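The next block holds one structure in the form of structure tokens; read it before the comments.
Every number here is computed from the coordinates shown, using simple stated rules; none is lab data. Everything numeric in this text was worked out from a predicted model, so none of it was measured. Cβ: placed from backbone, ideal geometry, glycine included. Neighbour counts: every protein chain shown.
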Amino acid sequence: MYRILIIEDDIKIAGAVRDIAVSWGFEARAAEDFRDILSEFASYQPHIILLDIGLPFYNGYHWCAELRKITKAPIIFISSASDNMNIVMAMNMGADDFIAKPFDTDVLIAKIQALLRRTYDFAGSMNVIEHRGAFLNTGDGTLTYEGEQIPLTKNEYKILQCLFENRGRVVSRERLMERLWKTREYVDENTLTVNINRLRKKLDAAGLCDLITTKVGSGYIIE
């Protein structure tokens with residue numbers, strides 16, 4: 001079932017759109033924390049986003065640009081500010097479509113369905129895991145922190161993916177080695193240590209200090 005995140009500060013409009021979406025067989029949630037839309041996105045993992053321009057704290061353009069740094073999920077602007085300048089700006093920020101308020105619900109659903117078909121029939125779902133403000137995109141293997149993308153090698157991504165998926169739990173060195181090299185044959189343990197140390201230096205340089213903790217004799221953990 002496809003999930004829709006509605007980023008709209010008018011409670012009545014957000015509720016009405018949510019009810020319409022649910023009646024068409026979608027899951028839908030209205031955002032609540034307009035200070036931290038990225039965390040709302042990461043916790044819900046929506047397949048498509050409906051976004052208003054006029055929002056508390058930061059406008060829709062800001063959040064569209066920030067969301068585009070961590071996801072390729074379709075974004076539809078829904079706004080009464082539907083002059084050409086706002087439509088062009090929305091598209092330039094990474095939106096996929098623009099619907100003017102007041103809107104016809106059949107048109108809204110048709111546009112949602114069309115974007116979902118076009119996006120996921122070919123690309124599949126792209127999940128994002130968030131921790132301490134860092135966003136790991138398991139669809140394209142990227143890590144984003146404070147708006148900046150941190151380049152990862154293939155092994156660094158696999159290490160982070162395993163640790164992010166097991167946040168709060170110790171991951172043994174053996175499990176990490178098997179994830180990286182997909183073999184139970186002997187691999188020099190120093191090779192894993194080198195990969196971990198390089199990743200830590202990269203994370204520290206980006207401001208993610210002490211993200212990975214060593215549990216002596218056990219393995220590693222993201223707490």
Inset, instruction - Quick one: compute the contact order of the chain, relative version, from alpha carbon pairs under 8 angstrom and 6+ residues apart, as a percent. - result: 13 percent
Legend entry - Charge-dipole axis of segment 3-120 as Lys and Arg at +1 and Asp and Glu at -1 on Cβ define it, positive-most pick from HIS47, PHE98, PHE57: HIS47
Legend entry - Reference-scaled alpha-carbon Rg (2.2 N^0.38 Å with N residues) for segment 1-104: 0.97
Inset, instruction - Residues in segment 199-223, backbone N under 15 Å from the label point at VAL170 (7 Å along the Cα-to-beta-carbon vector): list them, ranges by number please. - result: 213-223
Legend entry - Fluctuation leader among ALA95, ALA73, ALA65 - the chain, Gaussian network, Cα springs under 10 angstrom: ALA65
Inset, instruction - Filter the cross-link list LYS69/LYS101; LYS69/LYS182; LYS111/LYS202; LYS111/LYS158; LYS182/LYS202; LYS72/LYS154 down to pairs whose alpha-carbon distance in this structure exceeds 32 Å. - result: LYS111/LYS202; LYS111/LYS158
Inset, instruction - Would you look at the GNM of the chain, springs on alpha carbons closer than 10 Å, and say which of THR193, THR138, THR71 moves the most? - result: THR193
Legend entry - Paired Rg and Dmax values of segment 128-221, which use every Cα atom, in angstrom: 12.7, 40
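Return the equivalent ellipsoid semi-axes of the chain as a descending list in whole Å, where each equals the square root of 5 times an eigenvalue of the C-alpha gyration tensor.
Working from the Cα gyration tensor, I get semi-axes of 39, 17, 15 Å.
Tally Lys and Arg at +1 and Asp and Glu at -1 over the other residues with C-beta under 15 Å from the C-beta of ASP140: what net charge comes out?
Details: positive: ARG68, LYS69, LYS72, LYS154, LYS158; negative: GLU156.
It works out to a net charge of +4.
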Legend entry - Equivalent ellipsoid semi-axes, segment 7-68, via Cα gyration tensor eigenvalues times 5, rooted, Å: 19, 14, 9
Legend entry - Computed helical MRE - 222 nm, the chain, DSSP H runs ≥ 4 contributing -39500 (n - 2.57), nearest 500: -13000 deg cm²/dmol
Inset, instruction - For the chain, give the share of DSSP beta bridges that are antiparallel, in percent and rounded to the nearest 5; count only bridges with both residues there. - result: 50 percent
